[in-house]
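K.L.:
Got a structure here, written out as structure tokens. Questions coming.
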Amino acid sequence: MNLIAIDIGNTNIGVGLFLNDEEQFIKSVPGDAKAELTELLKSTWEMIPVAKRSKEGKREGVIVISSVKPAWTQVVRDIAKQTLGENILLVGSEIPFPIELSIEHPETVGTDRALAASAAYAVAEHAVAVADFGTAVTIDLVDDRGVFCGGVIFPGFEMSANALHNDTAQLPKVTVTKPQWPFGKNTVEAINAGLYYSAVSSLQEIVRRYAEVIGTWPQLIITGSGAKLIKDDCDFADNYVPNLVIKGIALAYKKYIESKE
């Protein structure tokens with residue numbers, strides 16, 4: 001399987017290359033940097049080998065996308081068609097979710113949530129909670145049977161910091177970092193500590209409540225740019241796995257191919 005897996009988020013776009021089922025690299029660019037994205041996709045596609053029997057030099061690979069931002073989906077679709085001469089496959093449309101969804105209106109669930117959950121369960125093989133700290137934070141639960149049960153969504157660090165700044169008269173805009181103390185000596189430090197430790201404590205409390213419902217403590221996997229920031233204070237988490245959605249895209253396509261055989 002030769003695959004370019006693309007994770008279109010609300011802020012960044014991740015691009016992963018898999019050759020013969022093996023992950024080669026995962027890179028990320030800002031979603032609004034079209035020239036940089038075009039160059040990354042072009043150079044990545046050129047790493048995929050040409051099909052042995054192709055007289056036209058067609059490469060033996062596919063481009064599969066997970067997206068939570070339709071406008072950027074169209075941008076990637078246009079780049080693939082105009083620059084690479086390829087069509088894309090969209091998870092949730094051309095590619096089915098690789099996990100059963102036990103929720104209301106499954107068609108509305110974020111593909112990133114379903115894919116991260118499926119990738120985590122594929123490794124854990126028992127109940128697992130998946131927390132993705134990005135523009136928004138999602139904490140989802142998969143039960144022992146591998147069924148996606150649903151989860152919670154709340155604002156990420158930047159969104160929360162913007163709300164405090166924009167909706168008050170005097171609070172400054174803060175970029176969240178790891179606090180030196182749990183209490184701030186000034187307004188900036190107080191906001192920073194509040195947002196940072198709110199994320200850590202919310203994660204622990206939500207997973208505890210999941211455990212009460214299902215009768216067992218689920219393995220906890222954290223991912224996303226914000227998870228990298230707080231992971232050292234989340235000793236209750238089992239693993240920090242960067243780019244979990246990209247891995248879920250690869251899993252979804254692999255299961256799709258297997259279902260066709």
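Derivation of every value follows stated rules applied to the coordinates shown; laboratory data play no part. Nothing here was measured: the structure is a model prediction, and the numbers come from that model. Note that each Cβ is placed from the backbone with ideal geometry, even for glycine, and that neighbours are counted across all protein chains shown.
K.L.:
Top mean-square fluctuation among Val200, Val213, Val91, Gaussian network model of the chain, C-alpha springs under 10 Å?
P.N.:
Looking only at Val200, Val213, Val91, the biggest GNM fluctuation is shown by Val213.
K.L.:
Still on this model: Quick check on the exposure proxy: order Ser67, Ser93 from fewest to most C-beta atoms within 10 angstrom.
P.N.:
Ser93, Ser67
K.L.:
Read phi for every residue in the stretch 142-154 and hand back ³J(HN,Hα) as whole Hz from Karplus 6.51 cos²θ - 1.76 cosθ + 1.60, θ = phi - 60°, with x for Gly and Pro.
P.N.:
Karplus values, whole Hz, x for Gly and Pro: 10, 7, 4, 8, x, 9, 6, 8, x, x, 10, 9, 8.
K.L.:
Using a Gaussian network for the chain with springs between C-alpha atoms less than 10 Å apart, which of these wobbles most: Ala211, Ala129, Ala250?
P.N.:
Largest GNM mean-square fluctuation: Ala211.
K.L.:
Can you count the Lys pairs in the stretch 1-112 with C-alpha separation below 29 Å, eight or more apart or on different chains?
P.N.:
So the count works out to 18.
K.L.:
Right, here's the next one. If I build a Gaussian network model for the chain, linking alpha-carbon pairs within less than 10 angstrom, which residue out of Leu41, Leu115, Leu164 has the largest mean-square fluctuation?
P.N.:
Leu164
K.L.:
Given the convex hull over the Cα atoms of the chain, what projected area results after averaging over all orientations, in nm²? Walk me through the numbers before you get to the answer.
P.N.:
Values: hull surface 63.2 nm².
The Cα convex hull of the chain, projected and averaged over all directions, gives 15.8 nm².
K.L.:
Next up: Would you mind estimating how fast the stretch 216-261 diffuses translationally, via Stokes-Einstein at 37 °C and 0.692 mPa s with the Kirkwood radius over Cα pairs, in µm²/s?
P.N.:
Values: Rh = 12.3 Å.
The diffusion coefficient I find is 266 µm²/s.
K.L.:
Applying the Karplus parametrisation 6.51 cos²θ - 1.76 cosθ + 1.60 with θ = phi - 60° to the phi angles of the stretch 183-197, what ³J(HN,Hα) value in whole Hz is obtained for each residue in order, glycine and proline being reported as x?
P.N.:
10, x, 8, 8, 4, 4, 5, 5, 5, 4, 5, x, 5, 5, 6
K.L.:
Could you please report the charge total around Pro30, scoring K, R as +1 and D, E as -1 over all other residues with beta-carbon less than 15 angstrom from its beta-carbon?
P.N.:
With Lys, Arg at +1 and Asp, Glu at -1, the net is -2.
K.L.:
Give me, ordered by chain and number, the residues 5 or more places off Val137 or on other chains with an amide H under 5 Å from its own placed amide H.
P.N.:
Phe154, Gly156
K.L.:
Separate question: If you wrap a convex hull around the C-alpha atoms of the stretch 100-242 and split its volume per residue, what is the figure in Å³?
P.N.:
In the stretch 100-242, the Cα convex hull volume per residue is 110 Å³.
K.L.:
Provide, as a two-decimal number, the C-alpha radius of gyration of the stretch 3-90 over 2.2 N^0.38 Å, N being how many residues it has.
P.N.:
1.04
K.L.:
Run the quick spin-label model on Leu171 and Lys69: label points 7 Å from Cα toward the beta carbon, then report their separation in nm to one decimal.
P.N.:
Modelled inter-label distance: 2.5 nm.
K.L.:
Sticking with this structure for a sec: Once you have the Cα-Cα distance between Val50 and Glu189, take 0.36 nm times their residue separation minus that, and quote the gain in nm to one decimal.
P.N.:
44.6 nm
K.L.:
Apply the Karplus parameterisation 6.51 cos²θ - 1.76 cosθ + 1.60, with θ equal to phi minus 60°, to every residue of the stretch 100-117 and state each ³J(HN,Hα) to the nearest whole Hz, in sequence, with x for glycine and proline.
P.N.:
With coefficients 6.51, -1.76 and 1.60, one gets 6, 10, 9, 9, 6, 6, x, 5, 9, 5, x, 4, 4, 5, 5, 6, 4, 5 Hz.
K.L.:
At 7 Å along the Cα-to-beta-carbon direction for both Ile214 and Asp233, put a label point, then send me their distance in nm to one decimal.
P.N.:
2.6
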